[in-house]
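Contents: one structure, followed by commentary.
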Amino acid sequence: MTLRPPLRIPGITEIPPSAPGMRIGLFGGSFNPMHDGHRLVMEETLRRLELHALWVLVTPGNPLKDNSDLPPLENRVRAARAFVTDPRVRVTGFEAARGFSYSWQTIDFLTTTMPDRRFVWIMGADSLADFHRWQRWRDMAAKIPIAVYVRPGAAHRALASRAAATLDYAQLDETDAALLARCQAPAWIYLQGRQSTLSSSAIRASRNLR
Ligand SMILES: Nc1ncnc2c1ncn2[C@@H]1O[C@H](COP(=O)(O)OP(=O)(O)OP(=O)(O)O)[C@@H](O)[C@H]1O
Ligand SMILES: O=C(O)c1ccc[n+]([C@@H]2O[C@H](COP(=O)([O-])O)[C@@H](O)[C@H]2O)c1
């Protein structure tokens, strides 16, 4: 298993508190920085999936991206915490403390150590379009239900993607969103709704122009 050197930062890399039976959304990302598009995804999934909590997993580094300019984990976690206002949302960098590089490692760990919680992976439509390039993506889809949220410019690529085709048989109707976290994987849903054109890269580009 590929592990990076564990990085433990007090107050930053702990797993949020939870209780048996809780339905918990896992929203992974670089969050460089967090923006209102992320807020929209969090609000919509919390409500429509009837989640008790949503954990923002600030990644030490997306394995498919060049992370050389990525600000330190601690800075991204602190900035995301300052941005979040909903008390159900908890921001953590816990993947770094475990030395995880890949999301399947996170899913494996959480579903094994906390089998009495109902975890759901949350991603934007652009991530589904690339999902077949994630390490062990099929194993991940077999372990945890997945909610995909519409993103401007990504809808077609997402629904025509290899992962969408492979998992076609496990797609729930959007009207059954509240059932997703109660379902056995594989199960996934594509959520339409309010959309945001915001992206972290556009925000970084506009900051650099100033
Ligand atoms: N505007 C948005 N609408 C829907 N989903 C989004 C939006 N912005 C980000 N996401 C989703 O949030 C998760 C984390 O995204 P990330 O932190 O990479 O932000 P980003 O804006 O996509 O960043 P970048 O522009 O640097 O690629 C991903 O699953 C991504 O698909
Ligand atoms: O596990 C993988 O192979 C993998 C490949 C690409 C992205 N991810 C995860 O997807 C999430 C979104 O990443 P990002 O950079 O698009 O915000 C984040 O949690 C990454 O660690 C995971």
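Each value in this text was obtained by applying a stated rule to the coordinates, not by laboratory testing. These numbers come from a predicted model, not from an experiment. Note that each Cβ is placed from the backbone with ideal geometry, even for glycine, and that neighbours are counted across all protein chains shown.
All but one of (1) in contact with an Asp or Glu (Cβ under 7 Å, 6 or more places away or on another chain); (2) away from ligand 1 (no atom under 14 Å from the Cβ); (3) of a type in the set (D, E, K, R) hold for ARG151, so report the exception by its number.
Single failed check for ARG151: (2).
Yes or no, residue by residue, for (1) among the aromatic types (Phe, Trp, Tyr); (2) surrounded by fewer than 18 Cβ atoms within 10 Å (Cβ to Cβ); (3) farther than 27 Å from ARG4 by Cα; (4) touching a residue at least 12 places away in the same chain (Cβ under 8 Å):
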{"site": "LEU49", "(1), (2), (3), (4)": "no, no, yes, yes"}
{"site": "VAL58", "(1), (2), (3), (4)": "no, no, no, yes"}
{"site": "ALA82", "(1), (2), (3), (4)": "no, yes, yes, no"}
{"site": "ARG90", "(1), (2), (3), (4)": "no, no, no, yes"}
{"site": "TRP104", "(1), (2), (3), (4)": "yes, no, no, yes"}
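Of all residues in segment 141-157, which are surrounded by 24 or more Cβ atoms within 10 Å (Cβ to Cβ) and either over 16 Å from the mean Cα position of the chain (by Cα) or in a helix (DSSP H, G or I) (or both)?
None; the set is empty.
On the given criteria, is ARG76 farther than 21 Å from ILE144 by Cβ, among the basic types (Lys, Arg), surrounded by 17 or more Cβ atoms within 10 Å (Cβ to Cβ) and in contact with a Pro (Cβ under 8 Å, 6 or more places away or on another chain)?
On the way: farther than 21 Å from ILE144 by Cβ: yes; among the basic types (Lys, Arg): yes; surrounded by 17 or more Cβ atoms within 10 Å (Cβ to Cβ): yes; in contact with a Pro (Cβ under 8 Å, 6 or more places away or on another chain): yes.
Yes; evaluated as a whole, the condition is true for this residue.
Across segment 106-120, what is the number of residues that are within 16 Å of ligand 2 (Cβ to nearest atom) and under 22 Å from LEU7 (Cβ atoms)? Break it down stepwise before answering.
Narrowing segment 106-120 to residues within 16 Å of ligand 2 (Cβ to nearest atom): 106-111, 119-120.
With the extra rule that they be under 22 Å from LEU7 (Cβ atoms), the set shrinks to 106-110.
Number of matching residues: 5.
State all residues of segment 17-32 that are away from ligand 2 (no atom under 11 Å from the Cβ) and surrounded by 15 or more Cβ atoms within 10 Å (Cβ to Cβ); if no residue qualifies, say none. Spell out the reasoning first.
Of all residues in segment 17-32, those away from ligand 2 (no atom under 11 Å from the Cβ) come to 17-25.
SER18, MET22, ARG23, ILE24, GLY25, listed by residue number.
Can you report the number of residues in segment 184-194 which are under 17 Å from LEU46 (Cβ atoms) and surrounded by fewer than 17 Cβ atoms within 10 Å (Cβ to Cβ)?
3
Could you tell me whether segment 63-79 includes any residue that is under 28 Å from LEU180 (Cα atoms), in contact with a helix residue (DSSP H, G or I) (Cβ under 7 Å, 6 or more places away or on another chain) and touching a residue at least 24 places away in the same chain (Cβ under 8 Å)?
Yes, there is a match, as at least one residue in segment 63-79 is under 28 Å from LEU180 (Cα atoms), in contact with a helix residue (DSSP H, G or I) (Cβ under 7 Å, 6 or more places away or on another chain) and touching a residue at least 24 places away in the same chain (Cβ under 8 Å).
Of the residues in segment 113-134, how many are farther than 24 Å from LEU179 by Cβ and more than 16 Å from ligand 1 (Cβ to nearest atom)?
Taking segment 113-134 and keeping what is farther than 24 Å from LEU179 by Cβ, we get 113, 126, 129-130, 132-134.
From what is left, the residues that are more than 16 Å from ligand 1 (Cβ to nearest atom) are 113.
Counting residues in segment 113-134 that are farther than 24 Å from LEU179 by Cβ and more than 16 Å from ligand 1 (Cβ to nearest atom) gives 1.
Please go through segment 193-210 and give me each residue that is more than 6 Å from ligand 1 (Cβ to nearest atom) and free of Cβ contacts under 8 Å to residues at least 24 places away in the same chain, ordered by number. Full working, then the answer.
First pass over segment 193-210, keeping only residues more than 6 Å from ligand 1 (Cβ to nearest atom): 193-195, 197, 202-210.
If the condition is that a residue be more than 6 Å from ligand 1 (Cβ to nearest atom) and free of Cβ contacts under 8 Å to residues at least 24 places away in the same chain, then ALA202, ALA205, SER206, ARG207, ASN208, LEU209, ARG210 are the ones that fit.
Which ones in segment 151-165 are more than 21 Å from GLU43 (Cα to Cα) and more than 16 Å from ligand 2 (Cβ to nearest atom)?
Across segment 151-165, the qualifying residues are HIS156, LEU159, ALA160, ALA164, ALA165.
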